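Scroll down for the structure; my scribbles are underneath it.
Just so it is clear, none of the values below were taken in a lab; they were calculated from the coordinates. None of the values given here were measured: they were computed from a predicted structure.
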Amino acid sequence: MLRVYFVVVAWACMTSADPGADPRADRNPQPTKVVLGQSTPEEDSKTGPSRPGCGASEKYCLINSDYPLDKVNAIIDRYYNNVLHLYNDLYRFPPHDIMYHDNRTHGYRHGGHFVCESAVQYVRPGWAQNIRGEWVAVINTDKYPQSVRVESCKYQGKRCEFLPPCYKSKCVQRNTYVKLLSVDPYRPEYKPTVDVFEIPSACSCFVEDFIYY
C-alpha cells in the first residue's frame with residue numbers, strides 16, 4: 001500500500017525595521033488628550049472656547065474683559081428687528097423698574113431675621129451656561145440691559161437658626177430658572193434666542209428625618 005504523508009511546516013516571519021526610519025519615532029502614537037470642559041486650539045479658532053475663563057466654578061459670569069462686546073453688537077446689528085422683538089416681549093417692564101419694586105416691597109427684611117440668611121443682589125451676566133450645558137453670551141449692552149436677581153446662602157451647609165437642637169438641620173441653596181436673551185458670539189449665522197439658565201434664588205432650611213405628629 002502506498003502511503004503519502006503531508007508535512008506542514010509553519011514559518012515564523014519577523015519584520016525587520018526600516019533602516020532609514022528614525023528609531024525615536026513612536027510607532028503607536030497616543031491620541032491627543034482633551035480635558036472635559038476645555039477646547040483644543042483648533043476648536044478655539046473656529047467656535048471659540050467651550051467656556052469662558054470665569055466659568056470654572058460658576059454657571060454664570062459677570063461682564064468683564066472676556067465679554068465679546070464687538071461680536072455681540074455685530075450680531076445685534078445683523079438681526080436688529082429680531083432682537084428688538086424678543087427683548088420687548090421678554091421685558092414688559094424695564095429691569096430697573098423691577099429692581100425698584102423689589103427694594104420697595106421687601107423692606108421687611110430689615111425688621112427681623114431669617115432661619116437661613118441670604119445675600120440678595122442684582123447682577124448683569126455676560127456669559128452663562130444654559131440648561132443644556134452650553135456657554136453662550138448674554139446680550140447685555142447699554143441699549144439692551146439684562147439683570148437677574150441672585151439670592152445666595154450666606155452660611156450654606158450650616159445649622160438653621162432658631163430651631164431646637166433636637167432637629168438636624170442645614171441651610172441649602174435653592175435655584176430657579178430664568179429666561180435671558182442670548183447669542184453665540186462665535187456663530188454669527190445663528191439668530192439671537194431666548195434661552196433658559198439656572199440661577200441661585202433662595203436659601204432654605206432643610207430638616208432631616210422630620211416627622212409630623
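Once phi is turned into ³J(HN,Hα) by the Karplus curve 6.51 cos²θ - 1.76 cosθ + 1.60 with θ = phi - 60°, what whole-Hz value does each residue of the range 88-94 show in order, with x for glycine and proline?
Once θ is set to phi - 60°, the couplings for the range 88-94 become 5, 5, 6, 10, 5, 10, x Hz.
Which of the residue pairs 59/191; 158/179; 71/154 have a Cα-Cα distance greater than 25 Å in the structure shown?
Violating the 25 Å Cα-Cα cut-off are 158/179; 71/154.
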